[in-house]
Amino acid sequence: MRISPSLSISSIMASGSATGSGSLMWFRKGLRIHDNPALEYASKGSAFVYPVFVIDPHYMEPDPTAFSPGSTLAGLNRIRFLLESLVDLDLSLKKLGSRLLVLKGEPSEVVIRCLKQWNVKKICFEYDTDPYYQALDMKVKNYASSAGIEVFSPVSHTLFNPADIIQKNGGKPPLSYQSFLKLAGQPSWASSLLSVSLSSLPPVGDIGSCEISEVPTVRELGYEDYEQDELTPFRGGESEALKRLKESISNKEWVANFEKPKGDPSAYVKPATTVLSPYLKFGCLSSRYFYQCLTDVYKNVKKHTAPPVSLVGQLLWRDFFYTVAFGTPNFDQMKGNRICKQIPWNNDDELLAAWREARTGFPWIDAIMVQLRKWGWMHHLARHCVACFLTRGDLFIHWEKGRDVFERLLIDSDLAINNGNWLWLSCSSFFYQYHRIYSPISFGKKYDPNGNYIRHFLPILKDMPKEYIYEPWTAPLSIQKKSKCIIGIDYPKPVVSHDSASKECKRKLAEAYALNQKLNGQVSEDDLKTLRRKLEGDEIQEPRSKRSRQNPTDLS
DNA sequence: ATACCGTTGTACTG
DNA sequence: CAGTACAACGGTAT
């Protein structure tokens, strides 16, 4: 990593205007120029601005022990998406007469070191509700106030300020979408004027002895022999986000009639949704700008759909989960989570690995897991299918395990939304109708009877006749041979029988719910252990349920 | 205590 | 494609 020569020149020039004050713009999420209140404030009345991004090695550096290429925390697809977003941000800053200063290390330490070395009067960064940033920001704020540096940290990642909604509700977050809507009311902030679009930025000041680099490439980070086939088709960055947004809203009929549950999860050539989630996640796209574009479309059509199913409804779901996550201690785990049902999930690393590695033997499930691995994105309903299958539908494995896999592999993985949806799908919170189980066979079939989606992501099954493609283990051996795919050799047998496994899951959830109700949610680890023993005991007594684990004689 | 509701279940019927 | 039975949860309003 070297110091850019162009920076040295500009820094000499900037330091010439010693009388002006400087500000530090700390980018984390909010990787955009448009509608960026922190950036706007940083540049206002400043002689120079330091736009900083800190690379946290924990997030970026290769971890060879992880189950997929990437760092300890993020898969390669999301790291690449972030780097592309940073390159785009750097280009946009350069067009405005600035540039991105990339530093490396523990972010709060690096930022505090910069504050010590540079002559800045204010530090600006988007407010972040994630516990990780709450902790970092506390350290930075404490230092800044002790040093007499102004801190400006506006809420601009979401439409509403989660703290406001929680306060309105008497200190607790609303737990249903409808009650959230009621509390949120009309999004006045969301309709307010966007931050002015910047035509230029003050130059970067003297960087002293800080080690500044360009945005690194994945190669420079140490991902030399990454697998090309795990390359997501979605490119990161604000420019890409705005292009995608423009394309989406250009079809006014589509925007006006959008109904989330009616989307086709098997559509992959042209996905059934906007695929703006990764851009919202990194703040390449302002949720407020997106909101205003949508309401503009609504104004110009006769009628349009409404929350929860409309596109605006999707943005509000995002705010809903942000609010609940912010107001719920231990939101990302079962233990100590006030809103989470305590359920004696199974520990089965073999079944977990089969799910994660797309070898459950259910083509619909496995194809979705391949799409996750390769694209880092799947349709919302596809996520439902695999999440339900892993947890309450078939495998009865802890939602935290599935959450970890999604968190790593999704390019749009977002603490609040990812955990919120796993809580939802596992019937641990928000949603409790555990008898409604997605069939790993029939759900996909009704959208894609020919199995094109499966054929694309699981090419081993590309010649399987459509009659068998969702249940290839039922195909006669002659058909398997003709399709060049022998079940049990070329493609696995199903790891469970869906009928018996889903029945088992329902029975276990009924027992777990009863225990939660009896103990008023105060379920201890011992209580869970006892229940787990009881459930296993029942299993041994009932020969029928022993079949929940598939064996070859059950096939066909 | 009771009725109604909840972004996105399945399988069957007309 | 819409309507229905199935079986039946917790949260919320009454």
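Nothing in this text is a laboratory measurement; each read-out follows from the coordinates by a stated rule. These numbers come from a predicted model, not from an experiment. Positions of Cβ are generated from backbone atoms using ideal geometry, with glycine treated the same way; all protein chains shown enter the neighbour counts.
What FRET efficiency, computed as 1/(1 + (r/R0)^6) with R0 = 51 Å and r the Cβ-Cβ distance, is obtained for A:Ala135 and A:Glu350, rounded to the nearest 0.05? Intermediate values should be presented prior to the final figure.
Numbers: r = 36 Å, r/R0 = 0.71.
After rounding to 0.05, the efficiency reads 0.90.
Could you line up A:Ser478, A:Ser145 from fewest to most neighbouring Cβ atoms inside 10 Å?
On the way: A:Ser478 8, A:Ser145 11.
In increasing order of surrounding Cβ atoms, one gets A:Ser478, A:Ser145.
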A:Ser478-A:Lys518 FRET efficiency (beta carbon distance; Förster radius 45 Å; 0.05 resolution): 0.25
Using the number of other C-beta atoms within 10 angstrom as an exposure proxy, rank A:Trp317, A:Trp355 with the fewest first. A:Trp317, A:Trp355
Beyond 27 Å between alpha-carbons counts as too far, so tell me which of A:Lys29/A:Lys299; A:Lys281/A:Lys374; A:Lys262/A:Lys341 fall in that bin. A:Lys29/A:Lys299; A:Lys262/A:Lys341
5 Å is the cut-off here: which amide hydrogens, built 1.01 Å from N in the peptide plane, fall below it relative to A:Lys493, excluding neighbours closer than 5 in sequence? A:Gly488
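Got a sec? How would A:Ile489, A:Ile365 order by Cβ neighbour count within 10 Å, fewest to most? Intermediate values should be presented prior to the final figure.
Numbers: A:Ile489 9, A:Ile365 31.
The fewest-first ordering by Cβ neighbours comes to A:Ile489, A:Ile365.
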Based on Cα coordinates alone, diagonalise the gyration tensor for chain A, multiply each eigenvalue by 5, take square roots, and list the semi-axes in whole Å, largest first. 45, 26, 24
Rounded to the nearest 10, the angle in degrees between the Cα long axis of helix A:525-541 and the longest principal axis of the Cα atoms of chain A comes to 30
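Which percent, nearest 5, of DSSP beta bridges in chain A are antiparallel? It would help to have the intermediate numbers written out before the result.
Numbers: 4 of 23 bridges.
Of those bridges, close to 15 percent are antiparallel.
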Counting pairs of alpha carbon atoms under 8 Å apart in space and at least six apart in sequence, what relative contact order in percent does chain A give? 15
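If I stretch the segment between A:Gln167 and A:His380 completely, what's the gain in nm (0.36 nm per residue apart, minus their alpha carbon distance), one decimal? Walk me through the numbers on the way to the answer.
Working: separation 213, 0.36 × 213 = 76.68 nm, distance 3.05 nm.
Here the answer is 73.6 nm.
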